[in-house]
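Trainee: First the structure, which I've put down as structure tokens, then a few questions once you've had a look.
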């Protein structure tokens, strides 16, 4: 059984290499099963893959950038090719970003691809997450992967924020200042955490070095580690699938891992690189040389964070000036919108699988994805939640919108303060009604057909089997 | 055992695929042609990229060529798998994720036996607790160096570099005479001895005559001027936007609006308290000077802001800088 | 391998070759039409000549006297209704004593004045009076009292751009934005998009603070700095985007749109084409 590598190699190098490996690692035994592993192939299952590929692009371009970036706030005199900053005292960090942009061949392209990849990365994560949410793919046994996924989203926020802050241009410093203020407002640990993080009072001298290590080491390590777990669990639990005549809760119907799924993924990976390079080359992003270096006493309007932080910015702009002192302790006005509310939102998101179980009492094992219309309450709640975040997100650009629409700035804010309550309820209710309406018409037609209304999909036999275990 | 299985695995799908290929030979031939064309395009784009790089590079052309190079290979693989190979389907059984009762009880048995080997009864429990305590202590000890990352906040958050007699200087470090402050002018000022200091930045504003309704520090303001901290009390952005006609300072980050003529009270927006006012006067040479530090902490409100200022600040040291 | 000098030249060359496509690709609102800078540059001598006339009026009593009296007449027919007799102001308009030549020139030149109705907001538009009438009005108001004179922008071609960028960021960007695109700065106020302003108008606005804008006097920004800021604003318009399409240069807002619509949009098309598209009612796998 083990002497196969002594046979004369009749194949090419690949085959002899495979033989060599197998005789040391015993791969053929399990590998044969894996080559034909079934992958449900619906196109919406590829969102997560795009996120993964963006991460790969980020790691590669980021490594290139890290070879040039200098995380140092010490001042140097700029003498590079960019005229309007020549002779200006700027931080070594900003200087290195300018050098990377103007003097390193392909450096600007790498910087832009990296930034665009970050924006698309979070977009892909969010859409992937919405797919999982609305199809109920987070239900038992996949709660763990839901939690890991949400943690990945948080890490992506962290990676984005630290990266946004590194160039030490005027925009990045403004974002950092707001983050620091939110930290200072946190009860008990706030001021200490702020000082420890920055190595002293704002702006501090150590902050760029700290952010840099977080951005290039700690957070990527966390991302890669959690992605590994995410994939390992996926491999163990296998994909969910859309119910059909063939696909049931007790099987997996899909394309084989090799060659089909491998080639699809590889193709998508290459397309991800291609598209990110295209926008990286054709669209200017974060032209820091126009913003100038960060000075703590300078600022500009409009100052927005990258899109995925827009909802936090919007919360800060919408929240009323509530600052109170209880028992001699001040609760700063930023604390609730910048710390408490986002914390609450993410707690709900993390806990959603358990919240839903509490409501439905459904603890059975599910491997079939649901149609959103078949679960009207969840769909309504989801649409309402998204609407809420979208309104808040829009509020993050209230000054730009006010200028573009010709509406007053305070009027815009006040209208959004109303919409933030009205629209989520309205859209959530509409989604709920629409789901009910769709199943109402569809339920009659499909009642006799094998796919059936998937709301009745929890498999009784399976549930019974589960019951014996627990 | 491995041998027959491998043979059966490779043979069956191959013949299936070959049957498929014959049935769709036309499609396959067309697909193959396009795969080849795409790969050739990728080679061309790759060579172009090389040439471009050697020639000195150009960001837009680089982006487009990488797009063409990678996109072409992606396209080739896509056509290959979707047109040439075509759809394929595997059905696998799926079993409940949980182990069976039998497996679980076997595991428990093995585990219990192993635990018994460690030691029995009270001795084990005692040692186990001691081990946990040791781990916790070590964990704490390991976490402690975190504290080395920076000093704890003492008086810095409560004080700035302003002190009695400090001249107001502009960004370039020039001291400012009262006569220099025009109506509707807003000048970013710093203490003379701490130019460009982040927490001491203040806005010196030339007010319109008789516009000031409420003066927080009536005896401590040079005529026709007011001076406020330039750091927003909300999230700490510089309140850099002066709406002269309305006498309002607006923070560009979250639009907190402060009424310059009413002690920088919050008119609208999310800030929770007014901008602290700097007491100023005019010295014998006509220059503006500070009478002391701000009465309250500048910048965003922070946790425990209302407690007493830490003792270190009482000796008048410049803890702020 | 090229030397670093070659690299720098390449960078500069890149600036210019990309300028035209940038404008094609830009997502800027269409209202941002404007004459190319070179063409407007030709106007500078003319503008300067006209502006110079205003200043010369003081020095040349004969001409000035004629202009001043004509200005007084014009004032009586077009302005006095709101700004009052002898420019002392009325309920409908502020006094013009002390506003100076620069302010009047700015208001007339940018079409903000005269207003049909005093309750209307002042908006930028084409100049509504003739150049000669404008000069006469400027001369008359300037003769009433002292105030900021029409600044000299003849040196902007040689102004220090680095200084301009620095001063622009510390004094102007808070309201006008880093790229001078304008943004809402209050309930009814939007800071001007400086893409359309003439150099002389920029300089006059800095000195006089029209509308809610604060004043920046000579003590804070001397004449050389004034020209540096003006030069930087003009440079911003034509500064090529080495990174590609400038997409409105309004920062992360438009960047977010491009990331979603172009980046994620293109990838969604790819995913759709690569993946299985079975709908709920049909079987996907055996097609």
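The values are calculated or read from the model by the stated rules, or taken from the named source; none is laboratory data. Source: prediction; values computed, not measured. No Cβ is skipped: glycine too gets one built from the backbone with ideal geometry, and neighbour counts run over all protein chains shown.
Trainee: In the list C:234, C:220, C:266, C:194, which residue meets the criterion of being more than 7 Å from chain A (Cβ to nearest Cβ) and more than 13 Å from the chain's Cα centre (by Cα)?
Mentor: That would be C:220, the only listed residue that is more than 7 Å from chain A (Cβ to nearest Cβ) and more than 13 Å from the chain's Cα centre (by Cα).
Trainee: I'd like the full set of residues that are crowded, with 24+ Cβ neighbours inside 10 Å and assigned to a strand (DSSP E or B), limited to segment C:183-206.
Mentor: Hit for segment C:183-206 is C:184, nothing else.
Trainee: Let me spell it out: the conditions are (1) in contact (Cβ under 8 Å) with a residue 24 or more places away in the chain; (2) within 19 Å of the chain's Cα centre (by Cα), and residue C:245 meets all of them except one. Which number is the exception?
Mentor: Among (1) in contact (Cβ under 8 Å) with a residue 24 or more places away in the chain; (2) within 19 Å of the chain's Cα centre (by Cα), the lone unmet condition for residue C:245 is (2).
Trainee: Is at least one residue of segment B:278-291 without any contact (Cβ under 8 Å) to a residue 40 or more places away in the chain and under 30 Å from residue C:184 (Cβ atoms)?
Mentor: The answer is no, given that none of the residues of segment B:278-291 is without any contact (Cβ under 8 Å) to a residue 40 or more places away in the chain and under 30 Å from residue C:184 (Cβ atoms).
Trainee: Just wondering, is there one or more residues in segment A:420-442 that are within 14 Å of chain C (Cβ to nearest Cβ), surrounded by fewer than 14 Cβ atoms within 10 Å (Cβ to Cβ) and assigned to a helix (DSSP H, G or I)?
Mentor: Yes, segment A:420-442 contains a residue that is within 14 Å of chain C (Cβ to nearest Cβ), surrounded by fewer than 14 Cβ atoms within 10 Å (Cβ to Cβ) and assigned to a helix (DSSP H, G or I).
Trainee: Okay, next question. Which of (1) within 22 Å of residue B:232 (Cβ to Cβ); (2) modelled with pLDDT of 90 or more is the odd one out, the single condition residue C:183 does not satisfy?
Mentor: In the conditions (1) within 22 Å of residue B:232 (Cβ to Cβ); (2) modelled with pLDDT of 90 or more, residue C:183 misses (2) alone.
Trainee: If you don't mind, there's one more thing I want to ask. Answer yes or no as to whether residue B:141 is within 11 Å of another protein chain (Cβ to nearest Cβ) and part of a helix (DSSP H, G or I).
Mentor: It is false that residue B:141 is within 11 Å of another protein chain (Cβ to nearest Cβ) and part of a helix (DSSP H, G or I).
Trainee: Being more than 14 Å from chain B (Cβ to nearest Cβ), touching a residue at least 40 places away in the same chain (Cβ under 8 Å) and surrounded by fewer than 19 Cβ atoms within 10 Å (Cβ to Cβ) is true for just one of C:157, C:132, C:180, C:139. Which residue is that?
Mentor: Residue meeting the stated conditions: C:157.
Trainee: Please verify whether residue B:83 is within 46 Å of the chain's Cα centre (by Cα), more than 11 Å from chain A (Cβ to nearest Cβ) and assigned to a helix (DSSP H, G or I), treating the condition exactly as stated.
Mentor: So residue B:83 passes the test.
Trainee: Quick check on segment A:207-215. Is at least one of its residues part of a loop (DSSP other than H, G, I, E, B) and at pLDDT below 95? Give the steps one after another, and end with the answer.
Mentor: Residues of segment A:207-215 part of a loop (DSSP other than H, G, I, E, B): none.
Looking through segment A:207-215, none of the residues is part of a loop (DSSP other than H, G, I, E, B) and at pLDDT below 95.
Trainee: Next question. Count, please, the residues in segment A:276-293 that happen to be more than 8 Å from chain B (Cβ to nearest Cβ) and either free of Cβ contacts under 8 Å to residues at least 12 places away in the same chain or on the phi < 0 side of the Ramachandran plot (or both).
Mentor: Residues flagged as more than 8 Å from chain B (Cβ to nearest Cβ) and either free of Cβ contacts under 8 Å to residues at least 12 places away in the same chain or on the phi < 0 side of the Ramachandran plot (or both) within segment A:276-293 amount to 10.
Trainee: May I ask you to list pairs of residues, at least six apart or on different chains, whose Cβ atoms are under 7 Å apart, with the first in segment A:330-343 being more than 8 Å from chain B (Cβ to nearest Cβ) and at pLDDT below 95 and the second being part of a strand (DSSP E or B) and surrounded by fewer than 20 Cβ atoms within 10 Å (Cβ to Cβ)?
Mentor: Correct list of pairs: A:331/A:324.
Trainee: Of the residues A:256, A:296, A:320, only one is within 7 Å of chain B (Cβ to nearest Cβ), modelled with pLDDT of 90 or more, surrounded by fewer than 23 Cβ atoms within 10 Å (Cβ to Cβ) and within 29 Å of residue A:71 (Cα to Cα); which?
Mentor: Residue meeting the stated conditions: A:296.
Trainee: Scanning for something touching a residue at least 60 places away in the same chain (Cβ under 8 Å) and either in a helix (DSSP H, G or I) or farther than 21 Å from residue A:292 by Cα (or both), does segment A:10-26 turn up at least one residue?
Mentor: Start the filter on segment A:10-26 by keeping residues that are touching a residue at least 60 places away in the same chain (Cβ under 8 Å), which leaves none.
Scanning segment A:10-26, I find no residue that is touching a residue at least 60 places away in the same chain (Cβ under 8 Å) and either in a helix (DSSP H, G or I) or farther than 21 Å from residue A:292 by Cα (or both), so the answer is no.
Trainee: Another question, then. Given (1) crowded, with 18+ Cβ neighbours inside 10 Å; (2) modelled with pLDDT under 90; (3) touching a strand residue (DSSP E or B) at 6+ places or on another chain (Cβ under 9 Å), where does residue A:45 come up short, assuming only one miss?
Mentor: That leaves (2) as the condition not met.
Trainee: Let me ask something additional. Among (1) in contact (Cβ under 8 Å) with a residue 60 or more places away in the chain; (2) surrounded by fewer than 17 Cβ atoms within 10 Å (Cβ to Cβ), where does residue B:86 come up short?
Mentor: With (1) in contact (Cβ under 8 Å) with a residue 60 or more places away in the chain; (2) surrounded by fewer than 17 Cβ atoms within 10 Å (Cβ to Cβ) applied to residue B:86, the lone miss is (2).
Trainee: Counting just the residues of segment A:197-213 that are within 12 Å of chain B (Cβ to nearest Cβ) and crowded, with 21+ Cβ neighbours inside 10 Å, which one comes out farthest from residue A:158 (Cα to Cα)?
Mentor: Going through the qualifying residues, I end up with A:201.
Trainee: What are the residues in segment A:59-73 that are within 27 Å of residue C:259 (Cβ to Cβ) and either touching a strand residue (DSSP E or B) at 6+ places or on another chain (Cβ under 7 Å) or part of a helix (DSSP H, G or I) (or both), if any?
Mentor: A:59, A:60, A:61, A:62, A:63, A:64, A:65, A:66
Here's the yes/no breakdown for (1) more than 30 Å from residue A:399 (Cα to Cα); (2) part of a helix (DSSP H, G or I):
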| position | (1), (2) |
| --- | --- |
| C:146 | yes, no |
| C:152 | yes, no |
| C:163 | no, yes |
| C:170 | no, yes |
| C:179 | no, no |
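Trainee: Of the residues in segment A:27-58, how many are more than 10 Å from every other protein chain (Cβ to nearest Cβ), assigned to a helix (DSSP H, G or I) and more than 27 Å from the chain's Cα centre (by Cα)?
Mentor: The qualifying residues number 2.
Trainee: Which condition number does residue B:196 fail, the rest of (1) at positive phi; (2) in a helix (DSSP H, G or I) being met?
Mentor: If we test residue B:196 against (1) at positive phi; (2) in a helix (DSSP H, G or I), just (2) comes out false.
Residue-wise test of (1) within 30 Å of residue B:168 (Cβ to Cβ); (2) modelled with pLDDT of 85 or more; (3) within 12 Å of the chain's Cα centre (by Cα); (4) within 10 Å of chain A (Cβ to nearest Cβ).
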position	(1), (2), (3), (4)
C:175	yes, yes, no, yes
C:204	yes, yes, yes, no
C:210	yes, yes, no, no
C:225	yes, yes, no, no
C:255	no, yes, no, yes
C:279	no, no, no, yes
C:287	no, no, no, no
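Trainee: On the given criteria, is residue A:65 in contact (Cβ under 8 Å) with a residue 24 or more places away in the chain, more than 14 Å from chain C (Cβ to nearest Cβ) and in contact with a helix residue (DSSP H, G or I) (Cβ under 9 Å, 6 or more places away or on another chain)?
Mentor: Here the answer is yes, as residue A:65 does meet what is asked.
Trainee: When you check residue B:270 against the structure, is it under 14 Å from residue B:301 (Cβ atoms), touching a helix residue (DSSP H, G or I) at 6+ places or on another chain (Cβ under 8 Å), crowded, with 22+ Cβ neighbours inside 10 Å and at the interface with chain A (Cβ under 7 Å from one of its Cβ atoms), yes or no?
Mentor: In short, yes.
Trainee: (1) within 14 Å of chain B (Cβ to nearest Cβ); (2) over 29 Å from residue A:301 (Cβ atoms); (3) in contact with a helix residue (DSSP H, G or I) (Cβ under 6 Å, 6 or more places away or on another chain): which one isn't true of residue A:236, the others all being true?
Mentor: If we test residue A:236 against (1) within 14 Å of chain B (Cβ to nearest Cβ); (2) over 29 Å from residue A:301 (Cβ atoms); (3) in contact with a helix residue (DSSP H, G or I) (Cβ under 6 Å, 6 or more places away or on another chain), just (3) comes out false.
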